[in-house]
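Report on the following structure.
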Amino acid sequence: MKLIVANWKMNKTPKETKEYLETFLRLIEGVDDNVEILICPPFTSLCIAWDILKGSKVKLGAQNCHYEQKGAFTGEISLDMLKELGVSYVIVGHSERRWIFGETDELINKKVIACLEKGIRPILCVGEKMEEREAGMTLKVIESQLKLALSGLDEVSERIDIAYEPVWAIGSGNPATPEDAQLVHSFIKELLGKVRVLYGGSVNPQNAGEFLSMPDVDGLLVGGASLDPSSFAQIVKVSQR
Ligand code: PEP
């Protein structure tokens, strides 16, 4: 089944979350259940989001987690805390976490393992920077990020989703071409076997269909265009065609 994810990043207060979700649920009424829809609001909106989404066809995800269960980790959020709020997915290793907050492959690996142990599905993000792309290193970078993030884990492909998000395409209005995405997605499947691979990076209602028409694009991770309920609802509808 295709997976369409909204990553709100650091946007929307609980009040704004409520308004968005009420509108969004109305807009997707009648949409078939053949696509998984996931919304990842900030931590502070998870509670109100779950109150509204519980029992609907929309699932709830978090944008980050800590790998320890509890303890002296000021400012961090554990998977048990997220689980109790209805979270079933966590985005792990988003490029903003890697490059703004200094997350290493080793830390990302710990988070992936913790998610799997807790029965929360990680969406592991990988992607090359522009200079790596220009140096012809895209596939090398992807392979290395996957190997390190999944180190010590066997047969994870059915319990995890991968998001291919070229760093230069995120929030830039300059998406990869669907053909370039296809190439990387099929490479990821060569490495990992039958895994769901989402594309992310400047997806909008106009280009979503082209990405989804590629044989190995199994879903989308949407940032900017998910902040408006009607634009995200349009992307969900395109994914059903
Ligand atoms: C993202 O946040 O993962 C993302 C892909 O953002 P945008 O759609 O804005 O490029």
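The values are calculated or read from the model by the stated rules, or taken from the named source; none is laboratory data. Because the structure is predicted, anything quoted here is derived from the model rather than measured. FYI the Cβ positions are ideal-geometry reconstructions off the backbone, even for glycines, and counts take in every protein chain you see. Ligands, DNA and RNA are stripped out before the accessible areas are found, and what is left, the full protein with its side chains, is counted by its heavy atoms. Shrake-Rupley method; radii C 1.70, N 1.55, O 1.52, S 1.80 Å.
Below, the figures for the structure above:
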quantity	calculated
Tally of residues being within 16 Å of the ligand (Cβ to nearest atom), exposed (fewer than 14 other Cβ atoms within 10 Å of the Cβ) and within 21 Å of Gly136 (Cα to Cα) across segment 148-192	3
In segment 4-36, residue nearest to Glu96 (Cα to Cα) [restricted to those that are β-branched (Val, Ile, Thr) and more than 16 Å from the ligand (Cβ to nearest atom)]	Thr13
Sole residue being more than 16 Å from the ligand (Cβ to nearest atom), in contact with a helix residue (DSSP H, G or I) (Cβ under 8 Å, 6 or more places away or on another chain) and in a helix (DSSP H, G or I), chosen from Glu143, Glu131	Glu143
Qualifying residue in segment 57-80 (condition: assigned to a helix (DSSP H, G or I), over 24 Å from Leu212 (Cα atoms) and away from the ligand (no atom under 16 Å from the Cβ))	yes
Residue in segment 38-52 that is assigned to a loop (DSSP other than H, G, I, E, B), within 20 Å of Lys237 (Cβ to Cβ) and either of a type outside the set (Phe, Trp, Tyr) or open to solvent by 70 Å² or more (accessible area, probe 1.4 Å) (or both) present	no
Per-region count, segment 61-88, residues more than 18 Å from Ala6 (Cβ to Cβ), surrounded by 14 or more Cβ atoms within 10 Å (Cβ to Cβ) and in contact (Cβ under 8 Å) with a residue 12 or more places away in the chain	6
Any pair with Cβ under 9 angstrom, 6 or more apart, that starts in segment 172-189 at a residue that is among the hydroxyl-bearing types (Ser, Thr, Tyr) and ends at one that is part of a loop (DSSP other than H, G, I, E, B) and surrounded by fewer than 13 Cβ atoms within 10 Å (Cβ to Cβ)	Ser186/Pro215
Segment 216-231, residues that are of a type outside the set (D, E, K, R) and either surrounded by 18 or more Cβ atoms within 10 Å (Cβ to Cβ) or in contact with a helix residue (DSSP H, G or I) (Cβ under 7 Å, 6 or more places away or on another chain) (or both)	Val217, Gly219, Leu220, Leu221, Val222, Gly223, Gly224, Ala225, Ser226, Pro229, Ser230, Ser231
Of all residues making up segment 11-26, the number that are in contact with a Pro (Cβ under 6 Å, 6 or more places away or on another chain) and either under 19 Å from Leu220 (Cα atoms) or open to solvent by less than 40 Å² (accessible area, probe 1.4 Å) (or both)	3
Positions within segment 193-215 being charged (D, E, K, R) and open to solvent by 40 Å² or more (accessible area, probe 1.4 Å), in sequence order	Lys194, Glu210
Test: residue in segment 91-112 that is more than 16 Å from the ligand (Cβ to nearest atom) and under 14 Å from the mean Cα position of the chain (by Cα)	yes
Selection within segment 98-117 - open to solvent by 50 Å² or more (accessible area, probe 1.4 Å) and basic (Lys, Arg)	Lys110
Some residue of segment 25-35 being within 22 Å of Arg196 (Cα to Cα) and part of a strand (DSSP E or B)	yes
Matching residues in segment 193-224 - criterion: being out of contact with any Asp or Glu (no Cβ under 8 Å at 6 or more places or on another chain), within 13 Å of Glu165 (Cα to Cα) and within 11 Å of the ligand (Cβ to nearest atom)	Ser202, Val203, Leu220, Val222, Gly223
